[in-house]
1. To the nearest 10 degrees, how steep is helix 218-236 against the longest Cα principal axis of the chain, on a 0 to 90 scale?
2. Around residue 66, what is the net charge, scoring Lys/Arg as +1 and Asp/Glu as -1 over all other residues with Cβ under 15 Å from its Cβ?
3. Tell me whether the range 11-167 comes out rounded, prolate or oblate; compute the Cα gyration tensor, take square roots of the eigenvalues as a ≥ b ≥ c, and use a/c under 1.5 as the rounded threshold.
4. Using the structure shown, list the pairs from 9/135; 184/262; 85/135; 9/85 with a Cα-Cα distance above 20 Å, or answer none.
5. In deg cm²/dmol, rounded to 500, what helix-only [θ] at 222 nm does the chain give when every DSSP H run of at least 4 residues adds -39500 (n - 2.57) and the total is split over its residues?
6. How are the alpha carbon pair distances in the range 173-276 distributed across 10 Å bins from zero to the largest one, expressed in percent?
7. Hey, what angle do you get for helix 88-98 against the long axis of the chain, alpha-carbon based, 0 to 90 degrees rounded to 10?
Amino acid sequence: MPAPLPQGKQIIVHYGIYEEHYQMKSMQMSTDHYNIGITLQGCRRTVTPHFSYCYQAGDVALAPPYLLHRTVAESDGPYERIMVKFSYKFAEPFIREMGQDVFDRLYENYVYYFTPETQDKIRHLFFDMYEEYQKNTPYREFILQGMLFRLFTIIMEEHLPIEVTMYPSSLTPRILDAINYMEKYYQTNITMEEVAHNIGFSPSYFSRLFHAQLGMSYRTYLSNIQIRNVQLLLANTDLSVSDIAKETGYVHVDYLSAQFKKKTGMTPSQYRKQSALGLLPS
């Protein structure tokens, strides 16, 4: 799953620029927060087990908790966005005032479109939220709460009445079964042959189908699952790196450290320190 909100925080705001063709490395879902973000550059596709949809610069995309998904590039060039993650508790004053049904309807739509004028207004608001988040003042969350509720209001009042086009998901049921099996047993370093047998495919056919639908090899995807769980344990437990290696299927801690540095650009200790400071990308 994506990294949970840092301990003691109800909201985080992250600005990011990602390289050309950037994509999430595995299917993920949040369990403790809602997402709302604006795309500043590039075009993205979000893929879920049952459907996919696209959004581009100027669009606002939302995701509730427990939406299993993966985002991939739909255009050349870098991807730039501002993402806000917040807890349900953080939104409770808005929900009490406007009603649970209003909030639920807001998150029933995954993408909202706007006129160029409203896009500018929303873009400035997202940048103002990011600037306020960087200040780290005692009343920061109170100010951000008001900004977030203002954003909700603009979306509800000024979005264009255009329905999001949903496309059938490219992930077939058996590949989803394979992903679920990998997520459940990744700690045992399960082989491709074992997963293929579990879903009733030959290893060679499974390998070709998996790469065609996920855009990467079985081994790479399994490694991404392991690294993601290493990140979660580093950020949310006091376990040693050696113990984390055992928990996530790595035989040698040195190999874990090498793979972690290769995929994240940081050592495990550097990642843990950045997480404690709330400086990790979202």
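Derivation of every value follows stated rules applied to the coordinates shown; laboratory data play no part. It should be emphasised that the depicted structure is a prediction, and the values quoted were computed from it without experimental measurement. No Cβ is skipped: glycine too gets one built from the backbone with ideal geometry, and neighbour counts run over all protein chains shown.
1. 60
2. Numbers: positive: 70, 85; negative: 32, 104, 108, 183.
Surrounding charge for residue 66 is -2.
3. rounded
4. From the list (9/135; 184/262; 85/135; 9/85), the Cα-Cα distance tops 20 Å for 184/262.
5. Working: 11 runs with 139 residues, N = 282.
Mean residue ellipticity at 222 nm (helix-derived): -15500 deg cm²/dmol.
6. Values per bin, smallest distances first: 15, 44, 27, 13, 1.
7. Between the helix axis and the principal axis of the chain, the angle is about 30 degrees.
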